[in-house]
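*Asks:* Structure incoming, see below.
The values are calculated or read from the model by the stated rules, or taken from the named source; none is laboratory data. Since this is a predicted model, take the numbers as computed values, not measurements. Neighbour counts are summed over all protein chains in view; Cβ atoms, including those assigned to glycine, are modelled from backbone coordinates with ideal geometry.
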Amino acid sequence: MLTKDASRSLRALVAAGLVLVQAVLPCVVWAQAAAPSAGAAPAAATASGFLSSVTGVVFIRKANGEQVAAKPGDVFEPGSTIVAGANGQVGLLFADGQIIGLSANSTLRVDAYRFDASDIKASRAAIVLVSGAMTVVTGVIGNENPQGLSIAAGNMTLSVAGKDATAFGIEVNAATQAGSVAVTVGALLIRTPAGPAITVGAEQFVRLQAGVATAPPQPLSAAPAALQALAGLARSFAQAETAPVDVQAAAIKLALANLPPAAAGPAGTTPVFLPPVTPGAAGGCVGSPC
Amino acid sequence: MHANVPVAQHRGVMWACMALLVCLGLVAIQSVRMGVAGLIVELAQTEVNRWAATPARRGLGELNRVAGYFSDSLGIIADNPWALEGLGALDLARVRVSGTPAEAVAFTRDAHLRFRRALQQRPTSPFLWANIARSKLLLDEIDEEFFKAMRHADELGRWEPASQQTVLFAGLAAWGKLDPGLQQAMTGILRRGSLRNAPKLYEIVKSYRRFDLVCGIGEYNLIAGPDCRRLEGGAKSGRRMNKGNR
């Protein structure tokens with residue numbers, strides 16, 4: 001038999017325990033709910049950019065080998081390879097505002113990418129055009145930390161010469177390693193194993209062949225038509241303001257904007273999603289709707 | 001019998017007159033068609049000339065609008081060389097504003113075919129030969145047709161500034177592939193052109209940084225002097241370095 005004081009103490013203890021549980025429970029629930037987003041946070045931090053436009057057949061091959069059909073708003077990380085098929089075309093917008101347009105029958109790999117708006121000197125981007133053609137308009141990394149941006153195509157390595165936005169088109173043949181570069185805005189420094197580095201200025205182009213010293217740049221109007229078109233696209237991209245972007249927010253916004261329209265129904269009504277009804281053995285049904 | 005002869009003769013004359021009138025009518029219709037086709041091309045050409053007066057990059061929409069005039073003209077007279085050449089030139093202008101590399105190549109191929117069709121009507125036009133060379137250059141096809149077009153354009157347009165400029169531009173782009181005769185032709189163009197349009201030709205030479213081609217021609221001294229002196233200075237320092245290395 002408990003004394004009156006002991007019973008009072010026990011009740012106080014139980015009450016304190018209940019208060020404690022009530023205080024702790026929401027924290028546990030919050031922590032559990034927050035766990036997935038905490039898990040997603042590193043992904044958000046490593047996202048290099050997102051696909052701003054997709055036409056035709058385009059794939060993203062992730063660093064782990066997984067390959068998925070691309071759609072506007074898909075994000076990509078370092079190690080991702082983007083492949084545009086025969087009728088494919090894709091626009092890539094990087095966190096630092098860099099724009100890349102990948103043409104049909106082309107493959108691009110993002111070898112490394114790190115953008116820190118508060119520490120541009122430590123920001124890095126290494127992009128490889130494996131085959132095909134692309135247009136590039138440099139972003140903050142290329143403009144403010146030119147050493148931080150490296151673009152490789154075939155056996156050439158390109159870097160920005162100067163501190164201005166640079167717009168150019170590149171094409172490379174994966175089999176022969178031959179390629180061409182056309183610059184419309186700014187200037188590029190091109191290095192090959194075959195000879196000294198060469199600077200290609202605005203409205204100039206250069207051809208590169210494996211094992212052959214690079215010929216001097218020529219006026220862009222003398223370039224083959226396909227290269228001139230690439231340069232023209234780079235010029236039109238360069239007219240847009242290149243500024244850092246919040247990749248996750250912009251990607252989600254774009255993905256939502258590209259969702260297929262909702263099932264037809266009277267305007268203003270909220271769509272109702274019913275659970276599927278499974279027919280039962282006796283012709284009735286199984287599950288909660290029954 | 002005698003009375004019938006004049007009547008038969010009269011009928012014959014009448015039929016002959018009728019046939020003549022029909023022929024005249026057909027010629028008149030054809031003339032009107034040619035006139036309308038020419039007028040439409042003239043309208044398009046006026047627009048193109050206006051662009052030349054105010055140099056600016058033209059959008060695809062504007063180029064397509066003017067190309068529409070040439071197409072309308074070709075709808076009336078299918079082989080109008082003037083319209084074919086104009087449309088071909090616009091196709092080449094559309095290359096730089098086309099949406100994809102494949103589209104740009106298609107425009108260039110269209111231009112090349114149009115120039116070739118126009119050439120069947122005007123085989124002695126240096127401008128058409130020069131444009132064929134230019135379209136072959138953009139197609140990256142430096143072959144026998146390119147060299148033939150270059151030779152004809154040079155021979156037929158010895159004193160035509162527009163032809164000279166196009167041939168020089170294409171020639172310098174493909175310099176390493178030209179035979180000595182054609183390389184000689186380029187210096188010939190620079191000599192002849194120096195009398196009428198030296199600044200324009202020098203601009204082309206400068207874009208390829210081929211000052212060596214003009215430094216020996218007196219007429220270019222005034223405009224090319226500083227670049228030639230720089231070239232000479234570079235060559236001297238190169239020789240000094242070579243001597244030092246030895």
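*Asks:* Report, ordered by the first and then the second residue, all pairs with beta carbons closer than 8 Å, sequence separation of six or more or different chains, a first member in region A:153-171 that is in contact (Cβ under 8 Å) with a residue 24 or more places away in the chain, and a second member that is part of a strand (DSSP E or B) and of a type in the set (Phe, Trp, Tyr).
*Replies:* Listed by first residue and then by second, the contacts come to A:LEU158/A:PHE168.
*Asks:* In region A:208-246, what residues are buried (at least 23 other Cβ atoms within 10 Å of the Cβ) and more than 14 Å from chain B (Cβ to nearest Cβ)?
*Replies:* A:LEU208
*Asks:* Report the residue count in region A:188-230 for those that are under 28 Å from the mean Cα position of the chain (by Cα) and outside any strand (DSSP E or B).
*Replies:* 6
*Asks:* Same structure again: Tell me which residues, restricted to region A:132-158, are of a type in the set (Ser, Thr, Tyr) and surrounded by 18 or more Cβ atoms within 10 Å (Cβ to Cβ).
*Replies:* Passing the criteria: A:THR135, A:THR138, A:SER150.
*Asks:* Also, quick follow-up: What are the pairs with Cβ atoms under 6 angstrom where one residue, in region B:56-83, is more than 10 Å from B:ARG94 (Cα to Cα) and the other, located anywhere, is among the aromatic types (Phe, Trp, Tyr)? Sequence gap at least six, or different chains.
*Replies:* So the pair list comes out as B:ALA83/B:PHE70.
*Asks:* I've got another one for you. Looking only at region A:100-119, which residues are within 19 Å of A:LEU230 (Cβ to Cβ) and either among the acidic types (Asp, Glu) or in contact with a helix residue (DSSP H, G or I) (Cβ under 8 Å, 6 or more places away or on another chain) (or both)?
*Replies:* Matches in region A:100-119: A:GLY101, A:SER103, A:ALA104.
*Asks:* Among residues belonging to region A:170-183 that are part of a strand (DSSP E or B) and more than 10 Å from chain B (Cβ to nearest Cβ), point out the one that is nearest to the chain's Cα centre (by Cα).
*Replies:* A:ILE170
*Asks:* Quick check on A:LEU254: is it within 14 Å of chain B (Cβ to nearest Cβ) and either touching a residue at least 24 places away in the same chain (Cβ under 8 Å) or under 27 Å from A:GLU171 (Cβ atoms) (or both)?
*Replies:* no
*Asks:* Out of curiosity, is A:ALA69 over 12 Å from the mean Cα position of the chain (by Cα), within 14 Å of another protein chain (Cβ to nearest Cβ), of a type outside the set (Ser, Thr, Tyr) and farther than 16 Å from A:THR135 by Cα?
*Replies:* No; evaluated as a whole, the condition is false for this residue.
*Asks:* Please verify whether B:GLY176 is surrounded by 19 or more Cβ atoms within 10 Å (Cβ to Cβ) and within 24 Å of B:ASP212 (Cα to Cα), treating the condition exactly as stated.
*Replies:* No; evaluated as a whole, the condition is false for this residue.
*Asks:* Do you know which residues across region B:130-157 are farther than 23 Å from B:ALA106 by Cβ and surrounded by 15 or more Cβ atoms within 10 Å (Cβ to Cβ)?
*Replies:* B:PHE147, B:MET150, B:ARG151, B:HIS152, B:ALA153, B:ASP154, B:LEU156, B:GLY157, listed by residue number.
*Asks:* Then there's this: So, restricting to strands (runs of 3 or more DSSP E) that lie completely within region A:74-169, which ones have at least 1 residues that are within 14 Å of another protein chain (Cβ to nearest Cβ), more than 21 Å from A:ALA63 (Cα to Cα) and of a type in the set (D, E, K, R)?
*Replies:* The strands (runs of 3 or more DSSP E) meeting that bar number zero.
*Asks:* Separate question: Quick check: is even one residue across region B:229-246 modelled with pLDDT under 95, touching a helix residue (DSSP H, G or I) at 6+ places or on another chain (Cβ under 6 Å) and over 26 Å from B:TRP82 (Cα atoms)?
*Replies:* Within region B:229-246, one or more residues are modelled with pLDDT under 95, touching a helix residue (DSSP H, G or I) at 6+ places or on another chain (Cβ under 6 Å) and over 26 Å from B:TRP82 (Cα atoms).
*Asks:* Mind checking which pairs have a first residue in region B:112-127 that is at pLDDT 95 or above and a second that is among the β-branched types (Val, Ile, Thr) and part of a helix (DSSP H, G or I), Cβ under 6 Å, 6 or more apart or different chains?
*Replies:* Listed by first residue and then by second, the contacts come to B:PHE115/B:ILE132.
*Asks:* Cβ-Cβ below 6 Å, separation at least six or inter-chain, first residue in region B:195-222 and away from chain A (no Cβ under 14 Å) and over 15 Å from A:GLN218 (Cα atoms), second among the hydrophobic types (A, V, I, L, M, F, W, C) and not in a helix (DSSP H, G or I): which pairs?
*Replies:* B:TYR220/B:VAL214
*Asks:* Sticking with this one: Within region B:114-142, how many residues are in a helix (DSSP H, G or I), closer than 21 Å to A:ALA222 by Cβ, among the hydrophobic types (A, V, I, L, M, F, W, C) and more than 9 Å from chain A (Cβ to nearest Cβ)?
*Replies:* Qualifying residue count, region B:114-142: 7.
*Asks:* Within region B:150-158, can one find any residue that is more than 14 Å from chain A (Cβ to nearest Cβ) and assigned to a loop (DSSP other than H, G, I, E, B)?
*Replies:* yes
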